[in-house]
Amino acid sequence: MKIVISICCINMVLLFCSCSNFLEVKPDIKMVIPTNLDDAELLLNDYSTMNTGYPIYGEWSADEYYVSSQTFDGLLNFHQRNTYTWMDIVYDDIAQWQRPYKAIFNANQVLEIVRNVQGNIDIGRSKNLSGIAYFYRAFAFQQLAEVFTPAYHIATAQSEMGIPLRLAPAIDAPSVRASVQETYDQIIKDYKAAAARLPIEEAIKGRPSKASAYAGLARTYLYIGNHDKAYDYADSCLQLKGDLMDFNTLKGTSTLPIPKFNVEVLFAAVSATAGPMSLNNGLVDSILYRSYTDHDLRKSIFFRKNTVPLNSYGYKGSYDNAQANLFVGLTTSEVYLIKAEAAVRLGKIDEALQALNKLIEKRFVKNQYIPVTERNATLLLPLILKERQKELLFRGRRWSDLKRLNFEPQFQKTLNREINGVRYQLEPNSRKYAYRLPEIVVNNGNIPQNIR
């Protein structure tokens, strides 16, 4: 009971503190700080803090969906409407910034406990707990960076602003924005530290394993354009855990056909509220929907036909088996696509085709899938990227994909919206791809806002 009270006290401090500098308030919390491995375990078992509430502004701004004028006017709140139309105005909603930093605070607390614990300790348990903490910190930093920093480009990564890298639980230390390069260096460092400590098998649902850390590294290296390492870590991940669901075993008529914690889930994480992208609000882009063939089971597993508006579809393929938020965690299906893309960019055509076909075959009616055989890398890459969009829609990947692919002229895309006769547009490589920091974070933490 004492530790539960202690954790609640810490979270209350954070709730009323800007996570930009964990506040100007400097309460004496020495008496409530957890100090032993049992305390560390409880901090990491806080699923609500560690696995939920990750930022979703990027996905709200992406091109996988649209909303009707009626939904826009009647059901979206102020921030959702402005995010949907890329209005880029000052806002005060701190939750999507604060929630990941609460996970980071818990992770830092665990790492400090493990460093300072005295007496006869369980070395194996300490190693495992620190590995979990490093993973959570890496994942939270990565989620924040993809939304609130400019796209990674090697030529500008040292000069562009990243995020504050909180590496200790001290709440009174000032926050300083690292560079984009420093941000991704830290993410990679933490994932590698996690991979060295995590077990191959993790019995507790929601916790990461070694394969999870490899998947995180593969995702990170793909984003920053290091395709050699993206391929290597994707391959290492799939050697440990490469399970895929056979969509022939799922019921397309179910309201939510995909089970939570299914065999593909390497790490379960969900966003803050889905808002405009929820099943009842978000309408799947019609061109994207029509790209699925009749034998593609994703057409019935992922989508629900709506009666209003006519000929529209909602997304029901949540890997969290939920409507209220989006799954943004790591899965083997994503890793197969990372491996396929990295392979084709490296000229490893056989490996690219093997990874792509192994995944997509599991999505088609049995014996109806015709394997991709294209061996021209210039033609195969767009096919893989299209399959990536079709497989990972509403999974927290589209915004980061748009950001990284905008550096390649053949894949650049101008985004367009129209609401009530007014047209809105987001140009490739716009500064708006780095979402504004909440104004309270900028003001209380005395840190610079993203450049406009």
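The values are calculated or read from the model by the stated rules, or taken from the named source; none is laboratory data. Just so we're clear, the structure is a prediction, and the values are computed from it rather than from any experiment. A quick note on method: Cβ atoms are made from the backbone with ideal geometry, for glycine too, and the neighbour counts reach across all protein chains shown. All accessible areas refer to the heavy atoms of the entire protein, side chains included, with ligands and DNA or RNA removed. Shrake-Rupley method; radii C 1.70, N 1.55, O 1.52, S 1.80 Å.
Quick one: which residues, 5 or more positions from TYR91 or on another chain, have an amide H under 5 Å from its amide H? H modelled 1.01 Å from N in the peptide plane, none for Pro or chain starts.
HN-HN under 5 Å from TYR91: GLU439.
Counting only other residues whose beta carbon sits under 14 Å from that of ILE123, what net charge do I get with K and R as +1, D and E as -1?
For residues surrounding ILE123, the net value is +3.
So how much accessible area does LEU129 have, in Å² to the nearest 10, using a 1.4 Å probe?
0
Grab the eigenvalues of the alpha-carbon gyration tensor for the range 140-270, scale each by 5, take roots, and send me the semi-axes largest first in whole angstrom. Before the final figure, lay out each step's value.
Numbers: eigenvalues 186, 59, 53 Å².
Sorted largest first and rounded, they come to 30, 17, 16 Å.
Percent of alpha carbon pairs in the range 311-398 separated by more than 20 Å?
40
So if we plug the beta-carbon distance of LYS366 and LYS251 into 1/(1 + (r/R0)^6) with R0 = 22 Å, what FRET efficiency do we get, rounded to 0.05?
For LYS366 and LYS251, the calculated efficiency is 0.90.
Report the full-extension gain for the segment ASN77 to PHE407: residue separation times 0.36 nm, less the Cα-Cα distance, to one decimal in nm.
Working: separation 330, 0.36 × 330 = 118.80 nm, distance 3.25 nm.
Full-extension gain reported as 115.6 nm.
How much length, in nm to one decimal, is gained on full extension between GLU201 and TYR292, taken as 0.36 nm per residue of separation minus their Cα-Cα distance?
29.3 nm
What FRET efficiency comes out for ILE123 versus ASN376 if R0 is 51 angstrom and r is the Cβ-Cβ distance? Round to the nearest 0.05. Please list the in-between numbers first.
On the way: r = 53 Å, r/R0 = 1.03.
Given R0 = 51 Å and the Cβ-Cβ separation, E is 0.45.
Quick check: convex hull of the Cα atoms in the range 241-319, volume per residue, rounded to a whole Å³?
Each residue corresponds to 110 Å³ of Cα convex hull volume.
Rank these residues by their accessible area, most exposed first, probe 1.4 Å: GLU64, GLU201.
In descending accessible area the options line up as GLU201, GLU64.
Sort out for me the Cα centre separation of the range 195-245 from the range 389-452, rounded to whole Å.
Here the two parts' Cα centres lie 27 Å apart.
Report, for the chain, the % of DSSP beta bridges that are antiparallel, rounded to 5.
Here the antiparallel bridges make up roughly 95 percent for the chain.
Of LYS390/LYS432; LYS260/LYS366; LYS316/LYS403; LYS189/LYS403; LYS210/LYS432, which pairs sit farther than 29 Å apart, going by alpha carbon to alpha carbon?
Over 29 Å Cα-Cα: LYS210/LYS432.
Report, to two decimal places, the Cα Rg of the range 94-199 normalised by 2.2 N^0.38 Å (N = number of residues).
Relative to the 2.2 N^0.38 Å estimate, the range 94-199 comes out at 1.13.
For the chain, what does the relative contact order come out to in percent, with C-alpha contacts under 8 Å and a separation of six or more?
Relative contact order of the chain: 21 percent.
Highest mean first, what order results for 134-144, 270-280, 428-438 on Cβ atoms within 10 Å?
134-144, 270-280, 428-438
With a Förster radius of 51 Å, plug the Cβ-Cβ distance of HIS153 and ASP38 into 1/(1 + (r/R0)^6) and report the FRET value to the nearest 0.05.
Between HIS153 and ASP38 the formula returns 0.70.
Which of the peptides 326-336, 370-380, 229-239 is most tightly packed, and how do the rest follow, going by the mean number of other Cβ atoms within 10 Å of each residue?
Ranking, from highest mean packing down: 326-336, 229-239, 370-380.
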